[in-house]
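Worksheet: one structure, shown below.
Just so you know, all these numbers are worked out from the coordinates, no wet-lab data involved. Since the structure is predicted, the reported quantities are computational estimates derived from the model, not experimental observations. All Cβ positions, even for glycine, are placed from backbone atoms using ideal geometry, and neighbour counts span all protein chains on display.
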């Protein structure tokens, strides 16, 4: 099957890899605005089909992207989509958790990780792999872990920026403001 994302066609695998949604295009917009023509290194954490990584690379030919996912199906599919759009030389798809497989510090991190609490079933996602949608507890553990990794300063360059998708909206923070982003997430979850 195929879907369109950011005016590009992507191969999908419904039920095995999360299908990209139009709302995630805002995450790409936010990252592209921050990149603004600079040659930067980007990590797309939880890449799924590779839609975000590929859209960034197609629209900014001077960037290099490391796309990570814990799902082998996602890694395989993201590689197919990077090849399909001619950016496989700059979109390095790696199997692993968060930023662990990324070999060099990056300037920008983008992520659309599972954040819905497992107890809050949403029928819109019944055809998606549960591990790509739901997380234990309040749902924020994947993002908390990502922010902790970014905070340690080894994998994100000084002055780097983290962009995450949360309830269809991109949230951003410079790396020295990650605690503010964490508080935003927790406040939004408490209000829901």
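If one puts a single equal scatterer on every Cα of the chain and applies the Debye formula without solvent, what log₁₀ I(q)/I(0) results at q = 0.17, 0.19 Å⁻¹? Ignoring solvent entirely, the Cα scatterers give -1.09, -1.39.
Bridges between two residues of the chain, per DSSP, are antiparallel at a rate of about 30%. Take the Cβ atoms of residue 2 and residue 167, set R0 to 30 Å, and the FRET efficiency comes out at 0.70.
Give the calculated FRET efficiency between residue 16 and residue 104 to the nearest 0.05, with a Förster radius of 25 Å applied to their Cβ-Cβ distance. With R0 = 25 Å, the Cβ-Cβ based efficiency is 0.25.
Which of the peptides 100-107, 41-48, 63-70 is most tightly packed, and how do the rest follow, going by the mean number of other Cβ atoms within 10 Å of each residue? Before the final figure, lay out the partial values.
On the way: 100-107: 16.2, 41-48: 27.8, 63-70: 24.1.
My ranking of the peptides, most packed first, is 41-48, 63-70, 100-107.
Please report the antiparallel percentage of DSSP beta bridges with both residues in segment 1-72, rounded to the nearest 5.
On the way: 4 of 9 bridges.
So the antiparallel bridges in segment 1-72 amount to around 45 percent.
Mean separation of Cα pairs under 8 Å and 6+ residues apart, divided by the residue count of the chain: what relative contact order is that in percent? Taking the mean separation of contacting Cα pairs over the length of the chain, I get 20 percent. When each of 143, 125 is scored by the number of other beta-carbon atoms lying within 10 Å, the sequence from fewest to most is 125, 143.
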